[in-house]
Every structure is written in C-alpha cells, then in structure tokens.
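Undergrad: Please find one structure pasted underneath; my questions will follow.
The values are calculated or read from the model by the stated rules, or taken from the named source; none is laboratory data. Given the structure is predicted, the values throughout are model-derived calculations rather than measurements. Cβ: placed from backbone, ideal geometry, glycine included. Neighbour counts: every protein chain shown. Quick note on the areas: whole protein, heavy atoms, side chains included, nothing else; ligands and nucleic acids left out. Shrake-Rupley method; radii C 1.70, N 1.55, O 1.52, S 1.80 Å.
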Amino acid sequence: MDAFRVVGGKRLSGSIELGGAKNAALPILAAALLVPGRTYLRRVPHLRDVVTMQRVLEGLGARGGYTDHCFEVDATELRAFEAPWDLVRTMRASIYVLGPLLARLGKARVAMPGGCAWGPRPVDLHIRGMELLGAKVTLEHGDILAEVPPGGLRGAHIAFDISSVGATGNVMMAATLARGETVIENAAREPDIVALAEFLNAAGARIEGHGTTTVRIQGVDTLHSTEFENIPDRIELGTY
C-alpha cells in the first residue's frame, strides 16, 4: 500500500488496554536477583530486550520465563557472578544486574553495556555509587569488576551530579541489603524508579522518598518472594 486515506469528522471514544512498561520491567527483573526465592511479575511485555534479560538471569543461575501472563523468576540459587558478555554488550539495561549481584553475592563482573568505554558517561555514576557503598571496583578489558569487603556493603550519602534513572535504580537495589541507611540526592523521579522501589518494598525492602529527588533506603537482611504488577507503558499511551 502506497498511501492511507483517512476520512475525519468522527469523535473517538472507548477504552484500550495498555501493555507493560519495558523500562520498568527490566530493572525489576534484575532486582529479582536479590530475592532468594520466586518473584512473580505481571504485565511484562514480550519484547526482545525482556528475552535478553531473561537469558542474562539464566546465565547467572536464575530461572525465568512467561507462565500464564506472568513472568516468573526463581533466584533461589545463583551459581555465577559474571554476567554473560555476549548478552550484556547488546543491551545497556543489563548493567542493572551490577547492584543486585554485589548485594547478594558480594562480587560481580559485568561488561560495559553496549561497548561503553571508560569516560564521562552515565555508567560512571553506577560505578561511583557502588564505590561509595563500599565496593572495590576495577576495570579490566572492558569489564566492570566489583567486590564487597568483609562485612558487606554499607549505607552512604550519594549525591549525583546529574539525575540518572539507571544509576538511581542500581544504587537503590544494592543499598537494599547494605548495612545502615543510604541517602540518594538528585535521584531520578521517573515512574520506572517509583515502580522499582514499590517492587522492592513489596519484597521486604525499606525505601522512602521514591518519586522525589531524595530517596532513603534502610538496609535489611534479606528479601522475600512476592507478586507484583508492572506499570503500564506511558510511551504506548502517548502514541495512542
């Protein structure tokens, strides 16, 4: 077809059902690594990035997949701390596993997503955040290597120079299991961050202030299995 012919003059009415937000689902799926049990996430869009994240989680030892319109992740046992390089390099959102792996296993090796080189990029905020929480971070052949000292991660005051959704989410996930209180200043306020915080709270975390520029996280010893519904995709809504 070479052209569309549209005849106007009729008012639109009715309702539509929106799919789940991919940019909220991806960090929540990564956060499921913090849970030594099963996570049930409803309204997860069936997209290539979600399938890639599923493969990343499986490479770390978790099991996941769609069942009855629900995405299930079982992270009871994790057998690896190194995210598969061939998957991480294809999707920037895969850096979200850095914080959960550090908090849960005490170490992580994650490739720079999308082939990012060291420099003034948003990924620097992720690294600086982990360092302020007490992790030792080095770079080796394009990989981020991070390790937690004896005693685990500790709460910290973290002020971002720029507001970053990814860094806010990653630090928030890592701080969930850190000792003491973590305060994130200039935190991202996007609905994706609010959804991530609400998921973590549903699993037993203690997070306040999400949706504002100051987020406070009181560290807890462990999280528990939970069921959570992903938020609808605001980009899809705007398109309609």
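Undergrad: Which of rounded, prolate, oblate describes the range 113-216, given a ≥ b ≥ c as roots of the alpha-carbon gyration tensor eigenvalues and a/c under 1.5 marking rounded, otherwise prolate only if a/b is larger than b/c? Don't skip to the end; give the middle numbers.
TA: Working: a/c = 1.87, a/b = 1.29, b/c = 1.44.
Oblate is the answer for the range 113-216, as a/c is 1.5 or above yet b/c matches or exceeds a/b.
Undergrad: Need one number for the range 7-73: average projected area of the convex hull over its C-alpha atoms, nm². Please report the intermediate quantities before stating the final value.
TA: Working: hull surface 25.4 nm².
So the mean shadow area of the Cα hull is 6.3 nm².
Undergrad: On alpha carbon coordinates alone, what is the Rg over Rh value for the range 47-161, Rh being the Kirkwood radius? Let's see the in-between values first.
TA: Details: Rg = 14.5 Å, Rh = 14.8 Å.
Answer for the range 47-161: 0.98.
Undergrad: Taking Cα pairs under 8 Å and at least six residues apart, what relative contact order does the chain come out at, in percent? Mind dumping the intermediate values first?
TA: Details: 508 pairs, mean separation 50.5, N = 240.
Taking the mean separation of contacting Cα pairs over the length of the chain, I get 21 percent.
Undergrad: When the accessible area of the chain is computed with all protein chains present and a 1.4 Å probe, what percentage of it is carbon and sulfur? Let's see the in-between values first.
TA: Numbers: 5970 of 12220 Å².
Its accessible area is 49 percent carbon and sulfur atoms.
Undergrad: Need one number: nm distance between label points at Ile162 and Glu181, each 7 Å from Cα along Cα→Cβ, rounded to one decimal.
TA: In this crude spin-label approximation the distance works out to 3.0 nm.
Undergrad: Compute the Cα gyration tensor for the range 121-181, then decide on rounded, prolate or oblate, letting a ≥ b ≥ c be the square roots of its eigenvalues: rounded whenever a/c is under 1.5, prolate when a/b is larger than b/c in the other cases, and oblate in all that remain. Could the numbers behind the result be given before it?
TA: Numbers: a/c = 2.10, a/b = 1.08, b/c = 1.95.
It comes out oblate by the Cα gyration axes.
Undergrad: If packing is taken as the mean number of other Cβ atoms within 10 Å per residue, what is the order of 148-159, 125-136, 30-41, 70-81, highest first? Could the numbers behind the result be given before it?
TA: Numbers: 148-159: 15.6, 125-136: 20.8, 30-41: 22.9, 70-81: 17.2.
Top to bottom by mean Cβ count within 10 Å: 30-41, 125-136, 70-81, 148-159.
Undergrad: Could you name the aspartates and glutamates whose alpha carbon sits less than 18 Å from that of Lys136, not counting residues in the same chain fewer than 8 places away?
TA: Filter leaves Glu82, Asp124, Glu147.
Undergrad: Across 5 Å bins from the origin, how do the percents of Cα pairs in the chain run, short distances first?
TA: In whole percents, the pair-distance histogram is 1, 7, 14, 19, 20, 16, 10, 4, 3, 2, 2, 1, 0, 0.
Undergrad: To the nearest 500 deg cm²/dmol, what mean residue ellipticity at 222 nm is calculated for the chain from DSSP H runs of n ≥ 4 alone, each contributing -39,500 (n - 2.57), summed and divided by the residues? Can you show the working numbers first?
TA: Values: 8 runs with 74 residues, N = 240.
-9000 deg cm²/dmol, from helical runs alone.
Undergrad: Modelled label-to-label distance, Cys70 and Met1, 7 Å Cα→beta-carbon offset: nm?
TA: 3.9 nm
Undergrad: Next question. By how many nm would the segment from Leu18 to Thr138 lengthen if fully extended, with 0.36 nm per residue of separation less the alpha-carbon distance?
TA: 39.0 nm
Undergrad: For the range 1-122, what is the accessible area per residue in Å² when the probe is 1.4 Å?
TA: Numbers: 6820 Å² over 122 residues.
Heavy-atom SASA per residue in the range 1-122 reads 56 Å².
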